[in-house]
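Here is the structure we will look at.
The values are calculated or read from the model by the stated rules, or taken from the named source; none is laboratory data. In this text the structure is predicted, and so the values were computed from the model without any measurement. Cβ sites come from the backbone with ideal geometry, for glycine too, and all protein chains shown count toward neighbours.
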Amino acid sequence: MPKSDSKSGAGARFAYDGLDRVIHEKARLSVLTSLVAHPKGLVFGDLKQLCGLTDGNLSRHLQVLQEAKLVEIEKGYDRNRPQTICRITREGRQRYLDYLAVLEQVVRDAARAAKGADQPPALRRLKTV
């Protein structure tokens, strides 16, 4: 939700503390969205394809997400071939859902602000009085 009371700026209506920086990065948001849609997990190669990332890029983003306890990585073998399975953790799922709730508020606030910007300044003043 928007910040309503802070030491630096009371009423900082559009300061969204819930936009988690770990999740907010485009590639990590893509990874988490893919994993939320596949609760049993995804093989590294499938996740890479879904997110449009290179091996190195995906590995680095998974490392960040794993350090934040948002995903878990299981390394094993399938028919004698190495296989890495990625899953979202319970904490990761909750933080992702919390992040989405804040993002939805951002969209609602932006839509309201855009509607107000379409009105003549005299009407905007009347509504705030």
Worksheet item: Across the stretch 60-85, which residue is surrounded by the most Cβ atoms within 10 Å (Cβ to Cβ) among those that are basic (K, R) and over 22 Å from the mean Cα position of the chain (by Cα)?
Response: K75
Practice prompt. Being surrounded by fewer than 18 Cβ atoms within 10 Å (Cβ to Cβ) and in contact (Cβ under 8 Å) with a residue 60 or more places away in the chain is the filter here, so list the residues in the stretch 87-101 that pass it.
Written response: D98, A101
Item to complete: Return yes when K40 is farther than 30 Å from A113 by Cβ, touching a helix residue (DSSP H, G or I) at 6+ places or on another chain (Cβ under 8 Å) and either modelled with pLDDT of 95 or more or assigned to a loop (DSSP other than H, G, I, E, B) (or both) and no when it is not.
Response: no
Worksheet item: Can G9 be described as farther than 22 Å from R81 by Cα and modelled with pLDDT under 75?
Response: yes
Worksheet entry | Condition check for K26: over 25 Å from Q105 (Cα atoms) and under 19 Å from the mean Cα position of the chain (by Cα) | no
Worksheet item: In the stretch 71-86, is there at least one residue being of a type in the set (D, E) and in contact (Cβ under 8 Å) with a residue 40 or more places away in the chain?
Response: no
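Go through the stretch 46-65 residue by residue and tally those that are small (G, A, S) and either free of Cβ contacts under 8 Å to residues at least 12 places away in the same chain or closer than 13 Å to T84 by Cβ (or both).
2
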Practice prompt. Check whether at least one residue in the stretch 86-106 is on the phi > 0 side of the Ramachandran plot, more than 15 Å from the chain's Cα centre (by Cα) and either assigned to a strand (DSSP E or B) or not basic (K, R) (or both), and report yes or no.
Written response: no
Fill in: Pair list, Cβ under 9 Å, 6 or more apart: the stretch 20-45 residue within 24 Å of R81 (Cβ to Cβ), other residue among the small types (G, A, S) and in a loop (DSSP other than H, G, I, E, B)
L35/G41
